[in-house]
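As C-alpha cells, the structure follows; a few thoughts come after it.
What follows is calculated from the coordinates using simple rules that are stated; it is not laboratory data. Values in this document were obtained by computation on a predicted structure and should not be read as measured data. For neighbour counting, all protein chains shown are included, and Cβ atoms are generated from backbone atoms with ideal geometry for every residue, glycine included.
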Amino acid sequence: MIGVVRISLMTLIMRLTMTAMIDDSSPVKDVRNSTVLALARCGDDGESFAVFAAGLARELGLTLDFIESCKEPPTSLAECFVIGPAASADVLDAREARIEQATAAARAGFDAAVNASGAAARWTAVTDLFAEDEIWRRARSAAFLLLSRPRPSHVAQSLAEHILLRSDTPVLIVPQTPPQRVTFSTILCAWDGSRQARRALRAGMPFLRRAAKVQLVQVDGAVPQGSGAETLDHIADELAADGIRTEATLLKPGAAGIAVTLLDCCARSRSDLLVMGAYRHLRLRELILGGVTRIALERAVIPILMAH
C-alpha cells in the first residue's frame, strides 16, 4: 500500500514562515542538512524529474524526501452522508484507493529512479489539510527544496515564491525537462552585495566544489554606491580560501535589465547552473515592475539555485 500523507501545500508554506533567520555575517559556507525535499506535481512532472532528484541526492550523499502532490479525489454525494464508523471506514478506504490509482504511474517512475541511482529515499502522496507537523518537520531538515520550473501564473510558481520569501531554505528550480547530469560543470554566481546573494552562495557550496569552472559576476549598478557591501574581489577571495577558484567579472547592464544580462552571460559561458539571491526588493514591487527574480524564474532555461 502507498503511504498517503494528507496535507495542503499552502499549509506547508505557511509553516515555513516560522523558520528562524540565519546569521548573515558568517563566512560563505554550506549548510549541512540531511535531505533533499523534492516536490512533484502529479501529471505535470514526469519520470525525468524523479530521475534527476534521485541522482542529485545520491551525488550529494543526502536522503531524497519525495512528495507527490495530487488533486483531492472527488467525493460522491452519497459518501457525504454516510453514517456509522464502518461506512466511514469504507469511504476512506475507497478514497485512498483512488489516490493510489491516480499516483500509481508516478510511484512506479519514482521506484525505478531510486533503484537505478541507489539513493536512500522515501515517497509520499500529498492531499488535503492533514499531517502538517510531519511535513513541516521534513521541510525544516531539508538542505534545499527541489522543484521543476512552474509555468507563469501556475500555482506552483506561487509555491516557489512563498518558500523563497518565507523561509531560509534554498530552492533549486530545474527546467520541466531536467538535465541528465546531476553535477554542474560551469556555474555562474550572481553577486549584488545583498544578504540574499550570500545565502545563495552558502547554499551552493556543494555544487561549487564539484564544478570545473565557477564565474562570479556582478552587474554594474547592482550594488548601491556607499552601501558598504562586500566587493566582488572580497567574495572571490573568500571562495578561494575554501578551495574554489573563480573568475570575477563586472558586467555592463544591457538595455533589457539585470536579469536578462545575467541570463545572456549564462548562455555565452554555457553555464549549467545559476546561483543568485531572490527577492532583494519587495515582492509587490517585483510583481508590478517585474524584478530580477521573477524574470529569471520565467525565462531561464537552466537550473537556478535561489535563496532569500
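Estimated from the Cβ-Cβ distance and a Förster radius of 35 angstrom, the FRET efficiency linking K213 and K71 is about 0.25.
Computed from the Cβ-Cβ distance with R0 of 35 Å, the FRET efficiency linking Q180 to T249 stands at 0.80.
When peptides 184-191, 210-217 are ranked by their average number of other Cβ atoms within 10 Å per residue, the highest-first order is 184-191, 210-217.
Simple spin-label estimate for A94 and E59 gives 4.7 nm between the two label positions (7 Å along the Cα-to-Cβ direction from each Cα). Evaluated over the Cα positions of the stretch 187-274, the convex hull gives a direction-averaged projected area, one quarter of its surface, of 5.4 nm².
Based on the Cβ-Cβ distance from A105 to A241, what FRET efficiency comes out when R0 is 41 Å, to the nearest 0.05? Once the sixth-power term is evaluated, E becomes 0.30.
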